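Chemist: This is the structure I have questions about; it appears just below.
The values are calculated or read from the model by the stated rules, or taken from the named source; none is laboratory data. Everything numeric in this text was worked out from a predicted model, so none of it was measured. Cβ atoms come from the backbone with ideal geometry, glycine included; neighbour counts cover every protein chain shown. Areas reflect the complete protein model, heavy atoms only, side chains present, ligands, DNA and RNA absent. Shrake-Rupley method; radii C 1.70, N 1.55, O 1.52, S 1.80 Å.
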Amino acid sequence: MENLAYVSDGNDGIKLDNIKSNRKSFNYNEALEATQTGNFHLLLLLVCGLGYMAASVEIIGVSVVMFSADCDLRLTVQQQGLLGSIGYFGVVLSSHAMGFSADTWGRVKTIRLSLLFSVCVSLASVFSINTTMLLVCRFFTGFFISASQSCVYTLLGEYHSSKTRMNHITVLASFLVIGLIYIQGMAVLLLPLKLTFLSPWRLILLVNTFPSICCSIGFFFIPESPKYFLDQGRQEDCIKVLQKVYSLNTGNPKDTYPCNSIVFHEAEDRMFGITEKLKLMSRQTITIFNREHILQTLKFSFVAFLISMIGAGLYMWLPPVLNYMVTYEGEKHTVCDVVKLVKVKSSNLTYEEKCSVEKDLTHFKIFFFINVAYFVFFVMTAVLTTVVGKRLKTSFGRHILKTSVLVFWYGIGAVFAIVIYWSNVFILSLISLAMVAQIANMIGLVSGIGSEYYPSQINAMAVCVLMMFSRLGIAIGSNLFGPLLPLYCENMFFIGSGIIIVSILIVCTFPRGGNK
């Protein structure tokens, strides 16, 4: 018997149609549009957002605990810097492999399994008995959590048509800043606690696993990407997923989904074997650095590396710097004066004396509001580039808008890097530090411009390479700021301002999209 369903005739009347006879062959974008946008896409955005948030909480959250762990594990400054960056080294080393696994094994499967391993090693780090165990556990936390940081963008994008994709990806990026707010909020709530069975920093590591756990549960309600099934030649499975999405969004039976086949024009690019996939990865990587693209690849990667090294490197060390500033708030000292004073004072104290001092959490409260301000900046930038960009008729106009936003925020960072040297006013110094650190939040816009430039067949690989350079910059910056800040504070901010200016000049030469 043929499938029958009631369909509106447009005049509030009801007629009985033969659904099979009305079904058509769509291309993939049309098939996605036919599912409409509704409850499923909101659930997908929430789960993917939790995954992106989990990555930031697990990796950046160590910046809160590495100074509290000092009293238990007697960490040196170098070990603190390594602890703050070792998760990024794990991300850098695993990103390529996670992307390969997602392409060959499945996006959702890869994220589920990697989150499981990440939660396990993160929980193990809570009970670290020495520095080596803590460093190893945090390295593997970053190694596995990288899947939820990179694959969620691909997964979310493959469930959206071109009409809604960019809006949802923009919202997804905001979960990074939500993660930063979560980190500081937990620090304010948990660090004052005096527990006999668990140190506060260990408790923070424990609660930092909650977003990962919630995300893991959420992904059991998310089916595999229909685009992945299509790439694997499993069109029937692709249609079944789209039917389910359509039903959840509209409330209509699955059988009323108007698409029965998808015209896939990229069949010649499909590769099913592991050997073929490896050859494809190699070919894509070589193409990114061929004569046509190497100059632009170096531009994007250079800016991503330098901006992440300066902005995120400083961000990782903001908690102790703010703590120093709060200590000397009533006195007229510059940031560098305060850092040097604390360096001299700390060198004369034993571990027992330093750890017996009552913890002042004022700087964490300040840091919390700084992250809220970052969220506002991010929303403002997203609204500007999305709303204003829609009104611009040409790709050149949209490209000018995005590069202008980058130049504006980077220019502010360069100016305030110099202000840090002169200012002895607490609030002005605080704003200056925040404005320098905020430049790292613009890495998403840099990758967005890069994504528009590269052709589709090498796009994902190119953005992956760009993000790897960004994470490498964070790792190196985290290790440089701690040891060098007390010794070369003034020079570091002058050099940092110069690096930001160089980055601005390179941004002005970014190519516009249109090569796809």
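Chemist: Hey, can you grab everything whose amide H is under 5 Å from the amide H of Asn27? Only 5+ residues off in sequence or another chain; H modelled, so Pro and N-termini drop out.
Modeler: Long-range HN contacts for Asn27: Val263.
Chemist: About its Cα centre, how strong a charge dipole does the chain have in debye, to the nearest 20, once Lys and Arg get +1 and Asp and Glu get -1 at the Cβ?
Modeler: Computed about the Cα centre, the dipole is about 500 debye.
Chemist: Rounded to the nearest 5, what is the percent of antiparallel bridges among the DSSP beta bridges in the chain?
Modeler: The antiparallel proportion sits near 55 percent.
Chemist: Shifting gears a bit: Does the range 20-108 come out rounded, prolate or oblate, given a ≥ b ≥ c as the square roots of the eigenvalues of its C-alpha gyration tensor, rounded meaning a/c under 1.5 and, failing that, prolate meaning a/b above b/c?
Modeler: Prolate.
Chemist: Given the pairs Lys24/Lys163; Lys227/Lys299; Lys109/Lys227, which are separated by over 24 angstrom at their Cα positions?
Modeler: Exceeds cut-off: Lys227/Lys299.
Chemist: Give the long-range amide H neighbours of His293: residues separated by 5 or more places, or on another chain, with amide H under 5 Å away, using H modelled in the peptide plane at 1.01 Å from N.
Modeler: none
Chemist: Testing the spin-label approximation: label points 7 Å from Cα along Cα→Cβ at Val383 and Asn249. State their distance in nm.
Modeler: Here the modelled spin labels are 2.7 nm apart.
Chemist: Can I ask one more? Simple spin-label model, 7 Å along Cα-to-Cβ: Leu189 to Val263 in nm?
Modeler: Label-label distance for Leu189 and Val263, simple model: 5.3 nm.
Chemist: Still on this structure: Give me the number: length gained by fully extending Ser404 to Phe302, i.e. 0.36 nm times residue separation minus the C-alpha to C-alpha distance, one decimal in nm.
Modeler: 34.9 nm
Chemist: Set the Förster radius R0 to 51 Å, insert the Cβ-Cβ distance between Met133 and Lys24 as r into 1/(1 + (r/R0)^6), and round the FRET efficiency to 0.05.
Modeler: Working from the Cβ atoms, E equals 0.30.
Chemist: Now a separate question. Along the charge dipole of the chain, Cβ charges K/R +1 and D/E -1, which of Phe367, Leu314, Val62 sits furthest on the positive end?
Modeler: Working it through, the farthest residue towards the positive pole turns out to be Leu314.
Chemist: Right, next: For the range 88-178, what is the convex hull volume of the alpha-carbon atoms per residue, in Å³?
Modeler: About 98 Å³ per residue, rounded to a whole number.
Chemist: Determine the relative contact order of the chain: mean sequence separation of Cα pairs under 8 Å and six or more apart, normalised by residue count, in whole percent.
Modeler: Once divided by the residue count of the chain, the mean separation gives 22 percent.
Chemist: Please list, by residue number, every one of the trypsin sites (Lys or Arg not before Pro) in the range 139-221 that is coil in DSSP and has at most 12 other beta-carbon atoms within 10 Å.
Modeler: Those that pass, being in a loop and sparsely packed, are Lys163, Lys194.
Chemist: Quick one: check the C-alpha center-to-center distance for the range 311-331 versus the range 63-102, whole angstrom.
Modeler: The distance from the Cα centre of the range 311-331 to that of the range 63-102 comes to 20 Å.
Chemist: Where q = 0.12 Å⁻¹, what log10 of I(q)/I(0) comes from the Debye formula for the range 55-211, counting one point per Cα?
Modeler: Log10 I(q)/I(0), no solvent term: -0.54.
Chemist: Here is a further query. Taking 0.36 nm per residue of sequence separation and subtracting the Cα-Cα distance, how much length would be gained by fully extending the chain between Thr394 and Leu123, in nm to one decimal?
Modeler: That works out to 92.5 nm of additional length.
Chemist: Right, next: Would you calculate a helix-derived [θ] at 222 nm for the chain, using -39,500 (n - 2.57) for each DSSP H run of n ≥ 4 and dividing by the full residue count, to the nearest 500?
Modeler: -24000 deg cm²/dmol
Chemist: Give, rounded to the nearest 20 debye, the magnitude of the charge dipole that the range 362-516 has about its Cα centre when Lys and Arg contribute +1 at Cβ and Asp and Glu contribute -1 at Cβ.
Modeler: Taking the Cα centre of the range 362-516 as origin, the dipole is about 620 debye.
Chemist: Check each of the chymotrypsin sites (Phe, Trp or Tyr not before Pro) in the range 118-176 and keep only those in coil by DSSP with at most 15 other C-beta atoms within 10 angstrom; list them in order.
Modeler: For chymotrypsin sites (Phe, Trp or Tyr not before Pro) across the range 118-176 that sit outside H, G, I, E and B with at most 15 neighbouring Cβ atoms in 10 Å, the list reads Phe127.
Chemist: Another question, then. For Glu236 and Tyr488, compute 0.36 nm times the residue count separating them, minus their Cα-Cα distance, and round to one decimal in nm.
Modeler: Roughly 84.5 nm would be gained on extension.
Chemist: Can you give me the angle between helix 294-316 and the longest principal axis of the chain, using Cα atoms only, in degrees from 0 to 90, rounded to the nearest 10?
Modeler: Once rounded, one gets 50 degrees.
Chemist: So if we plug the beta-carbon distance of Glu292 and Leu505 into 1/(1 + (r/R0)^6) with R0 = 22 Å, what FRET efficiency do we get, rounded to 0.05?
Modeler: The computed FRET efficiency comes out at 0.45.
Chemist: Using only Cα atoms, what is the ratio of the radius of gyration of the range 399-516 to 2.2 N^0.38 Å?
Modeler: That ratio works out to 1.19.
Chemist: Give the angle, between 0 and 90 degrees and rounded to the nearest 10, that separates the Cα long axis of helix 443-453 from the longest principal axis of the Cα atoms of the chain.
Modeler: The angle comes out at about 40 degrees.
Chemist: Can I ask one more? Using only Cα atoms, find the angle between the long axis of helix 107-126 and the longest principal axis of the chain, and express it within 0 to 90 degrees, rounded to the nearest 10.
Modeler: It works out to around 20 degrees.
Chemist: For the chain, what is the convex hull (Cα atoms) projected area averaged across all directions, in square nanometres?
Modeler: 27.3 nm²
Chemist: Also: I'd like to check one number: the per residue accessible area of the chain, probe 1.4 Å, reported in Å² as a whole number.
Modeler: With all protein chains present, the chain gives 45 Å² per residue.
Chemist: Moving on to the next point. Quick one: 3J(HN,Hα) in Hz for the range 181-198, Karplus 6.51/-1.76/1.60 with θ = phi - 60°, rounded, Gly and Pro as x.
Modeler: Couplings: 5, 4, 4, 5, x, 5, 5, 5, 6, 9, 4, x, 5, 10, 10, 7, 9, 7 Hz.
Chemist: Could you tell me which of Ile145, Gly473, Phe117 has its Cα farthest along the dipole of the chain towards the positive end, charges placed at Cβ (Lys, Arg +1; Asp, Glu -1), taken about the Cα centre?
Modeler: It is Gly473, whose Cα lies furthest towards the positive end.
Chemist: At 1.4 Å probe size, with the rest of the protein present, what percent of the exposed accessible area of the range 33-87 is carbon and sulfur atoms?
Modeler: Accessible surface attributable to carbon and sulfur in the range 33-87 totals 58 percent.
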